[in-house]
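Visitor: Quick one: the structure is below, questions incoming.
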Amino acid sequence: MRRSALTAGALALALLTSGCVAGTSGGTAGTADDQPFEGEVEFWTINLKKNYGAYIDGLIAQYQKDHPKVTVKWVDVPGQDMATKLLAAVASGDVPDAVNLASSDLGRFVPSLAPLDALFKPADLADFQPNLVEPLRVGGKLYAVPWYNGGTPVGIYRKSVVTKAGFDEKAPPKTYDEALALADKVYAETKVYGTNDVPGINAALVLRYYGVELLSADKKKAAFNTPQVAELLGKFKKSYDKHGIAPGAVSKDVRNFPQTLDNGQLALSAGTFAATLLNIQKNAPDVYKDLAVTEPVQTESGGYLLLAQQTFAIPRSSAHQRAAAEFIKFFANGANQLAFCKLVPIYPSTISSTKDPFFAGTGGDDPMDVARRVIVKGLPKLEYTPLGTQKDMELSESLAEELRAFLQGSKTAEEALQAAEKQWNDALA
């Protein structure tokens, strides 16, 4: 099957898939002693049948062959319906036994999910990147296991443009301050807009690269309305006014910025998803040939922030929790994650997958080959620390909207932070 390009926004902001395994839906909660290899398995995904039907059908066929007492029923759910469908299932008690959730949605469903510690022993988790497993614990209990993610961010630079501003491929920007300084200089020297990285696809994420604490320790109040953050926003405004930050970076449609690397109106991204490379390769091959791919900007601790990851969880009222866990172990194992990564520009949560020549054996200078090496090297340094509320996406967007207003001059930094703080506190009350 042809490896299809997905947009960075789709990988980062939307649920692509959702899986569910059922013995028979509904009923009383199962225990670790129920039969793991008998019954009907109802398996949900989101918008995968059209492009990845052969992959999933193949896994289903293999699982049924190995477990002849299991019948798998695959249901593909439209993406916009997934959260509503799962909420309705939880309310009715007629739940799937395993479900794929974006980690950004995990907080809202944790009360209705089963702790997995009795179902996934340390040996079952040994192949997963520990830094991707631990953030899925809430109150010390594991509520989901990782599936795939968008990978370590990468730096992407148009060599013919950024070299005119002194860019050194061997010493790329290590912080957003350095990246914005380069972006400002690029526009001054070339009149090509610098970057869309700020506000980017997630303004809250950018602030965290600067070490900004967004929430109070009890997650009940906003913590970012400080003079230090107001000063930081001032840095962004100076860059925006100098066109280091592109004028279209304030667009609400973060999947379709007006100025992009694809259309030749942008010079760089100091931290973006590798899927961006595939879009450029498809839409702008001349630009693709001109790209330098490097390590991305880092946090203050030297890591890279992950916006979200795809996970598998098991509803608390599942009648066959052990059956669900056994299917998840198969579906998300290293070999199967590797096979999926060869079809889609995504990255695995399993360590064994990254040792395959598909990732480890890429020695060429093609931008995508370089990106794979950067990403695999960086996977152990990925930091995924969600806000952990039931309204993570809503909060992030309200902060981004206030930052857009500030950059466009309709509010001062203090007014924008105060407005965002009130919206967060009202939402969390």
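Visitor: Condition check: in contact with a strand residue (DSSP E or B) (Cβ under 7 Å, 6 or more places away or on another chain), surrounded by 21 or more Cβ atoms within 10 Å (Cβ to Cβ) and free of Cβ contacts under 8 Å to residues at least 60 places away in the same chain. Does Thr354 satisfy that?
Guide: yes
Visitor: Can you find, within segment 259-280, the residue that is farthest from Asp177 (Cα to Cα) among those that are open to solvent by 10 Å² or more (accessible area, probe 1.4 Å) and β-branched (Val, Ile, Thr)?
Guide: It comes out as Thr276.
Visitor: Separate question: Pick out the one residue from Lys329, Lys342 that is in contact with a Phe, Trp or Tyr (Cβ under 8 Å, 6 or more places away or on another chain), under 26 Å from Phe109 (Cα atoms) and open to solvent by 10 Å² or more (accessible area, probe 1.4 Å).
Guide: Answer to the check: Lys329.
Visitor: Return the residues of segment 267-285 that are in a strand (DSSP E or B) and either out of contact with any Phe, Trp or Tyr (no Cβ under 7 Å at 6 or more places or on another chain) or of a type in the set (Ser, Thr, Tyr) (or both); say none if nothing qualifies.
Guide: Ser269, Gly271, Thr272 - these are the residues of segment 267-285 that are in a strand (DSSP E or B) and either out of contact with any Phe, Trp or Tyr (no Cβ under 7 Å at 6 or more places or on another chain) or of a type in the set (Ser, Thr, Tyr) (or both).
Visitor: Are there any strands (runs of 3 or more DSSP E) wholly within segment 39-146 with 2 or more residues that are buried (at least 16 other Cβ atoms within 10 Å of the Cβ) and of a type in the set (Phe, Trp, Tyr), and if so which?
Guide: Answer list for segment 39-146: 39-46.
Visitor: Residues being open to solvent by 30 Å² or more (accessible area, probe 1.4 Å), in contact (Cβ under 8 Å) with a residue 24 or more places away in the chain and either among the β-branched types (Val, Ile, Thr) or at positive phi (or both): count how many of those fall in segment 161-189.
Guide: Count: 1.
Visitor: Pick out the one residue from Lys235, Lys220 that is open to solvent by 40 Å² or more (accessible area, probe 1.4 Å), assigned to a helix (DSSP H, G or I), among the basic types (Lys, Arg) and touching a helix residue (DSSP H, G or I) at 6+ places or on another chain (Cβ under 8 Å).
Guide: None of the others qualify; the one that does is Lys235.
Visitor: Determine, yes or no, whether Thr195 is at pLDDT 95 or above and of a type in the set (Val, Ile, Thr).
Guide: Here the answer is yes, as Thr195 does meet what is asked.
Visitor: If you don't mind, another one. From the list Ile156, Ile201, exactly one residue is surrounded by fewer than 23 Cβ atoms within 10 Å (Cβ to Cβ), touching a residue at least 12 places away in the same chain (Cβ under 8 Å) and under 24 Å from Arg255 (Cβ atoms). Which is it?
Guide: So the residue among Ile156, Ile201 that is surrounded by fewer than 23 Cβ atoms within 10 Å (Cβ to Cβ), touching a residue at least 12 places away in the same chain (Cβ under 8 Å) and under 24 Å from Arg255 (Cβ atoms) is Ile201.
Visitor: Shifting gears a bit: Among (1) open to solvent by less than 30 Å² (accessible area, probe 1.4 Å); (2) in contact (Cβ under 8 Å) with a residue 24 or more places away in the chain; (3) in contact with a Lys or Arg (Cβ under 8 Å, 6 or more places away or on another chain), where does Ala419 come up short?
Guide: It is condition (2) that Ala419 fails.
Conditions (1) out of contact with any Lys or Arg (no Cβ under 7 Å at 6 or more places or on another chain); (2) over 25 Å from Val344 (Cβ atoms); (3) without any contact (Cβ under 8 Å) to a residue 24 or more places away in the chain; (4) of a type in the set (D, E, K, R), marked per residue:
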| site | (1), (2), (3), (4) |
| --- | --- |
| Ala54 | yes, no, no, no |
| Asp57 | yes, no, yes, yes |
| Tyr63 | yes, no, no, no |
| Pro68 | yes, yes, yes, no |
| Val72 | yes, no, no, no |
| Asp76 | no, no, no, yes |
| Asp81 | yes, no, yes, yes |
| Gly93 | yes, yes, no, no |
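Visitor: Now a separate question. Looking at Asp369, Asp365, Asp426, can you tell me which residue is of a type in the set (D, E, K, R) and open to solvent by less than 50 Å² (accessible area, probe 1.4 Å)?
Guide: Checking each option against the conditions leaves just Asp369.
The values are calculated or read from the model by the stated rules, or taken from the named source; none is laboratory data. Note that the coordinates shown come from a computational prediction; the quantities given were computed from them, not determined experimentally. In this analysis, Cβ positions are derived from the backbone assuming ideal geometry, glycine residues included, and neighbour counts consider all displayed protein chains. These accessible areas exclude ligands, DNA and RNA; they are computed on the full protein's heavy atoms, side chains included. Shrake-Rupley method; radii C 1.70, N 1.55, O 1.52, S 1.80 Å.
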